[in-house]
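Shown next, in structure tokens, is the structure this report addresses.
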Amino acid sequence: MSTATAPRPWADRFTGVPVLRYVPGILLLIVIGLAGKWAQAELKVVAAKTGTHLPDIEYVLWAIVLGLIIANTIGVHPIFRPGVGTYEFWLKIGIVLLGARFILGDLAKVGGVSLGLILIDGTIAVTTVLLLSKAFGLKGKLGSLLAIGTAICGVSAIIAGKGAIEADDEESGYSIAAILALGAVALFSFPAIGHALHLSQHAFGLWAGLAVDNTAETTATGAIYGPEAQNIAVLVKSTRNALIGFVVLGFALYWASRGQAAGVASGFGNRARFVWEKFPKFVLGFIAVSALATWGVFTKGDIASLGNVSKWAFLLTFAGVGLNTDLRAFAKSGWRPFLVGALSLAVVAVTSLLLVLGATAVFDLG
Amino acid sequence: MSQDVQPAAAETPATDPAGPRRGVPVDWIAVAVGAVFAVLAAVRVLPAIPWDTVTIPLIK
């Protein structure tokens, strides 16, 4: 699918395509996800039989690579596209159910610490992207969209920002292409760096949650490192996502002040409504399930069952990440948005890593 | 980019300038599906159905 050029009907709204049209694509997601599982298990068997030391490559990576190969060679047949486009929906269900793994006290502790880090990191990210966009001569709104995508939550934030600052399809397409390409770069590079630096699961999860741009890629990056890293990465990323409305509001007011976008009506009520409209509501589901777990509504067995459903939802997500990544779309968008995004990712990655190492030591986050 | 200042656009209500959008927000559907599973777990239905025994070996 050309993420950079085609509309994304399932990115934030279900627009009423007949349900049966989703079935082939969802089945494809299941097949690719399970093929990833099979590949991971088979590699272990081969290693054991031959006595060779082969790396234990997580199924997440296999599923993503398989999806990438299909999407960029034979392509995704139109019959599969509606279902394949649902991967962010499964991601959100997975995150909601992951709430059962956290008690509210943990959410408050990790969320509180990460909120502070996100504000520092986000400020650095926005400043870096805007300065680099100016230096590389990117159109202003393209720079704004890249800044929104880098500081907050990738594709969803760009879609939310596009309408608010009245960016055109080309600008949002370029931004989405760059953010997805950089998400793929992070997927492959962050776990390797984390292992090289001997980061703990907790520290790596914090780092991935702070620095990886798109929620699906953040979750996958955490999962490649380990289950605890995945849980922390999702928690930190959800905190980041919750700030989407404030950042988009800031950019909407900026472009309105320049006469290049319709403004947002003044007054606290109107602005609060704007922020609420952009707020990712699935975060509320995550907190609600966590509250139920905190109040002892679930037994250990229930939590294991919910964890199983969550894992399946993430399996479909990871298969969808590769299938929805069209490298040809990145090539079409030109090198400048990608370069600005790549340099910004490098700055954000280093900054957030230093923040994580500092916070881990100070707050004893282990 | 061109920084030409154009006539200021009139302020609009707090809605998205792109206009009203059709469809059900995916976020709310995800919350609803999550709620169904949470209720099934809370009333001990989810662990009781063979879902886990069939699926956990596949995804373990």
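When the convex hull of the C-alpha atoms of region A:147-188 is computed, what volume per residue in Å³ does it have?
Taking only Cα atoms, region A:147-188 has a hull volume of 54 Å³ per residue.
Could you tell me the convex hull volume per residue, in Å³, taken over the Cα atoms of region A:183-327?
Dividing the Cα hull volume of region A:183-327 by its residues yields 149 Å³.
For region A:319-328, just list the computed ³J(HN,Hα) in residue order, Karplus coefficients 6.51, -1.76 and 1.60, θ = phi - 60°, integers in Hz, with x standing in for Gly and Pro.
Calculated HN-Hα couplings, in order: 4, x, 4, x, 5, 9, 9, 9, 5, 5 Hz.
Rounded to whole Hz and in sequence order, give me ³J(HN,Hα) for region A:135-143 from the Karplus expression 6.51 cos²θ - 1.76 cosθ + 1.60, θ = phi - 60°, writing x for Gly and Pro.
Using θ = phi - 60°, the values come out as 4, 9, x, 6, 4, x, 6, 5, x Hz.
Classify region A:316-358 as rounded, prolate or oblate from the Cα gyration tensor: take a ≥ b ≥ c as the square roots of its eigenvalues, call it rounded if a/c is under 1.5, otherwise prolate when a/b beats b/c and oblate if not.
Because a/c hits 1.5 or more and a/b fails to exceed b/c, region A:316-358 counts as oblate.
Would you tell me the mean number of C-beta atoms belonging to other protein chains that fall within 10 Å of each C-beta in A:306-312, as a whole number?
Details: counts 8, 2, 9, 10, 2, 5, 5.
The per-residue average across the peptide is 6.
For A:TYR59, A:TYR87, give me the order by solvent-accessible area with a 1.4 Å probe, most accessible first, ignoring ligands, DNA and RNA.
A:TYR59, A:TYR87
Among A:LYS44/A:LYS300; A:LYS278/A:LYS332; A:LYS134/A:LYS278; A:LYS109/A:LYS332, which pairs are too far apart, with a Cα-Cα distance over 32 Å?
Checking Cα-Cα distances, A:LYS109/A:LYS332 exceed 32 Å.
Scan around A:GLY259 for amide H atoms under 5 Å from its own, H built in the peptide plane at 1.01 Å from N, and keep only partners 5 or more places away or cross-chain.
B:ALA9
Quote the convex hull volume per residue of the protein assembly as shown, based on C-alpha atoms, as a whole number of Å³. It would help to have the intermediate numbers written out before the result.
Values: hull volume 62.9 nm³, N = 426.
Cα-based convex hull of the protein assembly as shown, divided per residue, equals 148 Å³.
The values are calculated or read from the model by the stated rules, or taken from the named source; none is laboratory data. Please read all numbers here as calculations on a predicted model, not as lab measurements. Backbone-built Cβ (ideal geometry, glycine too); neighbour counts: all protein chains shown. These area figures cover heavy atoms from the full protein model, side chains too; ligands, DNA and RNA do not enter into them. Shrake-Rupley method; radii C 1.70, N 1.55, O 1.52, S 1.80 Å.
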